[in-house]
Structure formats: C-alpha cells, structure tokens
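Below: the structure, in structure tokens.
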Amino acid sequence: AAGSVALVPLHASEVAAALAEHRIDAAAVIAAPSAKSAARVVQAVEAASPGRGATIVAIPDGEAIVQRLPELQAVTIAAGTFGGRPKRPDDEVKTVGASYRLMARSSLARDTAASVTQHLFELRSRLAAMVPTANLMKAPDFDSAAEATSARLPIHPGAVDYYEREQQTFLQRYEDWVYLVAFFGGGLGSAVAWLGQRLAREQRARIDAVLDRLLAILIEARATQDPAALEALAVEIDGLVIDVVRHARANDTDARTMSALILAVDAARAAVADCRRDGAPVRERSGRVLSWHPASGT
C-alpha cells in the first residue's frame, strides 16, 4: 500500500540481487557501524547501484525513537567509517541502533556485579580474539548514579560502583557484620570465660572438700583407737582416693593440688596406721586377750 513499508529479510549476500531485481528499495542492517557485516551491506548496495554509490540515510529524530523504544540507542556513524575515496560517508550520520547489554538479576550482589564488570573490561582484548565486537564494549552513558539506576533500562548498582571506581573493600562491605560479631563475640567470650571459671571453681570445690575430709580424718584418727572406727576411716580414705583419681583422669588438675592431695592421703593413712598399732590388743597363743591398756598399748 502507498505510504507503507514492507520488510524483506535478506542475507548480506542477497542484497545486491534484491536491489537489481527491484525487490527492495533500500537496505537496513543491524550491526555496529565498524562491523564487517555493515561494510559488506554498503558494498553490496554500491555494487547494485548504477552509479556505484550508496547513500546512507540519517535518522535525525533518533532521540525521540529511543525515548519510545529504550532497547534502541542513538548511534553516530563517523565520516569515513566505510573508507573509500571519496570517503563514505563524507560527513557524520546520526541514526539509531540496537544496544547489546549483559543483563543480571536485580538481586545479584553489588560486589559480584562489580567484579564481573571489571573482569569483562580487563579481559576485553582476549574476548575480542574470539568475538571481535567485544572491542566495541563500553560503559553506558550516565551523569549520576541515581540516573543510571533509575533509567528505563537501569544499570546494576554494582556496575555503577566499578564505573565510578567506588568498589567497596572487604571491611566496607562487611563492616556491619564485623561490628556485630565483635559486639556479640565479646559478650559470648565473657560468658564462656565466666562459665569456665564457674566450672573450675566447682572442680576446685570438690577437691577442697576431699582435702578437708582427709584433714578431718587425720584429726579423728588421732583422737580414737577404736578398731571399728579406725577401720571405717581407712575404708573412707580408700573411697576418697578412688574419687580423686577418677576426677584427675576426667579433668585437668594442677601439680600443686595433686601434691597436696598426696600429702593429705599419706598423712591420713599414717595416722590410722599409727593408731591401729598403738591400740592393738595383746593375745596369748590361744588367742585370748590377757589385758589391753589403750593408753600404754599393753
């Protein structure tokens, strides 16, 4: 219909024949102006035109088009982009083109986005060896971080950090966590220290109780020569020794405490043994008691 435009998809190799057969009136290419595919289309148009020339059509209202279609971008084709004598084009031409963008989830961490962006630019020369268009990679145009992150196609805050050289250090990135760990860690450390002291006091209290009882047995043994009482004290000393040995195997006990326990056990046993010997009855060979004087031992 008059005033309408029909789009005919073509390969670059088909452009010259389509123009010669009047199947198309003009050719449009979606590519970077410096890309080889764009140059091949221009050459094909020139080969099919009678005057061996091509007119590059400008789109002066490209900015308005970009406002309606943010996935596009304004493009300026510099004079002489396609070479030739005279140069093609002879003056810069404003048009529109497609923008290729690396997209990421909005939930992606800022430091991750910044690192990916940094690596892309640092490895651009190596990427260009495989994908030549990598040489055309550049930072988006924006005047402020607020403008970049609020655009119709927003730039990730992490990429903005890299572009503005505001990448955070480890401490800046995790300073809140470091503060919380230091704050609560100090309290937790104090609690653990208090619990350790409490357990140490309980362990020491148990050992002190054994020491006190051994000293009391020492006094009791010296105050009696009753064989039954002395036998009970000897059995109790054995029980205390068993308890102390089990405690020492299960817990760390310092050398001074163990030395005091050994001295107390030896003194208590010696006292019981002395009192048994001093209070032992004298018997005939038949086994009958002749006399017993606890004070003199006769």
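Do you know which residues across segment 155-180 are surrounded by 14 or more Cβ atoms within 10 Å (Cβ to Cβ), at pLDDT 80 or above and part of a loop (DSSP other than H, G, I, E, B)?
Ile155, His156
Within segment 67-89, how many residues are of a type outside the set (A, V, I, L, M) and buried (at least 16 other Cβ atoms within 10 Å of the Cβ)?
The number of residues fulfilling the criteria is 5.
Output the residues belonging to segment 137-153 that are closer than 20 Å to Glu71 by Cβ and surrounded by 14 or more Cβ atoms within 10 Å (Cβ to Cβ).
The answer is Met137, Ala139, Pro140, Phe142, Ala148, Thr149.
Provide a single number: the residues in segment 15-41 that are assigned to a loop (DSSP other than H, G, I, E, B), closer than 19 Å to Val5 by Cα and touching a residue at least 12 places away in the same chain (Cβ under 8 Å).
So the count comes out to 6.
Looking only at segment 40-64, how many residues end up being over 13 Å from Ala16 (Cα atoms) and not β-branched (Val, Ile, Thr)?
7
Please determine, by comparing only the residues of segment 27-65 that are in contact with a helix residue (DSSP H, G or I) (Cβ under 8 Å, 6 or more places away or on another chain) and over 26 Å from Leu136 (Cα atoms), which one is surrounded by the most Cβ atoms within 10 Å (Cβ to Cβ).
Ala48
Do any helices (runs of 4 or more DSSP H) entirely within segment 42-139 hold 2 or more residues that are at pLDDT 85 or above, farther than 21 Å from Ala28 by Cα and within 51 Å of the chain's Cα centre (by Cα), and if so, which?
Filter on segment 42-139 gives 110-122, 124-130.
The values are calculated or read from the model by the stated rules, or taken from the named source; none is laboratory data. Quick caveat: nothing in here was measured; it's all calculated off a predicted structure. As a convention, Cβ positions derive from the backbone with ideal geometry for all residues, glycine included, and neighbour counts pool all protein chains shown.
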